[in-house]
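Down below is the structure, laid out as structure tokens.
Nothing in this text is a laboratory measurement; each read-out follows from the coordinates by a stated rule. Values in this document were obtained by computation on a predicted structure and should not be read as measured data. Glycine also receives a Cβ, built like all others from the backbone with ideal geometry; neighbour counts cover every protein chain displayed.
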Amino acid sequence: MLAGRDLLGAAQTGTGKTAGFTLPMLQLLTGKSNASHSPARHPVRALVLVPTRELAAQVQESVRTYGRHLKLRTAVIYGGVGFAPQAQELRRGVDIVVATPGRLLDHVEQRTIDLRNIEILVLDEADRMLDMGFIHDIRRVLKLLPAKRQNLLFSATFPDEVRNLAAGFMHEAVTVEVARRNMPIELIGQVVHPVDKDRKRALLAHLVKSGNWQQVLVFCRTKHGANRLAEQLETDGIETAAIHGNKSQPQRMKALKRFKDGGLQVLVATDIAARGIDIESLPHVVNYDLPNVSEDYVHRIGRTGRVQAIGDAFTLMSPEEKTEVAAIERFLGRSIPRVMIPDFDYKKHADTSPRPAPNGGRRREGPGYGGGRREGGRRERAEPRGTVPRPAGGPAEPDHGRRPKRNSPDRRRRRM
């Protein structure tokens, strides 16, 4: 990147991609003289596009932290908050803009931002932006940028869709891939708890209380399900909040702050929150509902075990969800240990047939936590165990800043 090359960068979530592009970007902008013809003292010279509001705020915080002794100015623009304050900040002049695609195009339409002087473009979490339907917005933004610029694309995974997008606007890009594609971090202990569907909530409350969990991120499939589960856990005496697209931005930020500060034991999130969460040493992640796509399982459990920290991922599997778990195991290329919890075991439904173990055929037995194995001299966590509470951050949700015409297809899509 310092050599000016276009770059495709891929690494597992939590390995430092934000610092990977922010530090060189700051150095490049500081080292170059501003050759812009813009009358603004600080014309926009670098643009970082991200899929969600929370990720935008996290990236901007990193830019400000790393560049606090530099004279570069930065701004973050996303939906769900007032347009006018963002416009005023842009008019005063900023060097670096971190934005979600929808709100960025709103500013373009209102002519409150000028993208003709961009020197560096960064697409962060590109695979998630494509998953969320931002491909058309991204292409609109690309047409507004100068032809001569440095392009950087960073992502947790590199599916073919991302590579096809990159081929359309990048020039002789260097590819840097760290670790295996689409695989979870090795230090995450994974376990499946078989349980009847109508007893999932009781089992989750039991795990939180018996394990004295102080910080756990729980994934639900729907917004309504997340709200209902949060209310039920509150009734059980567990400090809980839900976060999803129907919550206002102030509500979401308040819940994230409480979770990060230790005021919440449980944060229940919809599936979209599996990306863009920067949580340091989050000890527990729970799949309350199974994801629709096996790859999303990797992104979910990647919220824990970040930067070589040990974390545990639990999946609550009803008899109806065996097919989804089997698909996840095929995707991972390994089996996930089953652990029956007394009083919650659905024995008449449970699959007790021997399962192939990933350690050369030697099967691990017993419901205890903390077991492991060695491969190449390195210990690998195989089953979860209790961990010490750590401070945490919070999940991300899609940007809803743009306001399409009432009842238009675009508006209906963004309500989802």
(request) Sort Asp137, Asp236 so that the residue with the fewest other Cβ atoms within 10 Å of its own Cβ comes first and the one with the most comes last. (result) Asp236, Asp137
(request) Obtain the nm distance between the two label points defined at Lys322 and Ile135 by a simple spin-label model: each point lies 7 Å from its Cα along the Cα-to-C-beta direction. (result) 3.7
(message) Please compute the length gained on full extension between Phe331 and Glu239, using 0.36 nm multiplied by the number of residues separating them and subtracting their Cα-Cα distance.
(response) 29.7 nm
(request) Run the quick spin-label model on Arg5 and Asp196: label points 7 Å from Cα toward the beta carbon, then report their separation in nm to one decimal. (result) 5.9
(request) On a C-alpha basis, how far is the centre of segment 88-117 from the centre of segment 322-348 in Å? Whole number, if you could? (result) 48
(request) Can you pull the one-decimal nm distance between simple spin-label points at Ser210 and Val178, each 7 Å off the Cα toward Cβ? (result) 3.8
(message) So, R0 is 25 Å and r is the distance between the beta-carbons of Lys143 and Ala167; what FRET efficiency does that work out to, to 0.05?
(response) 0.90
(message) Semi-axes of the equivalent ellipsoid for segment 88-227, please: Cα gyration tensor eigenvalues, times 5, square-rooted, ordered largest first, whole Å.
(response) 40, 21, 14
(message) Within a 10 angstrom radius of the beta carbon, how do Phe314, Phe83 rank from fewest other beta carbons to most?
(response) Phe83, Phe314
(message) Report, in listed order, any pair from Lys200/Lys322; Lys71/Lys257; Lys197/Lys254; Lys71/Lys254 with a Cα-Cα distance greater than 24 Å.
(response) Lys71/Lys257; Lys197/Lys254; Lys71/Lys254
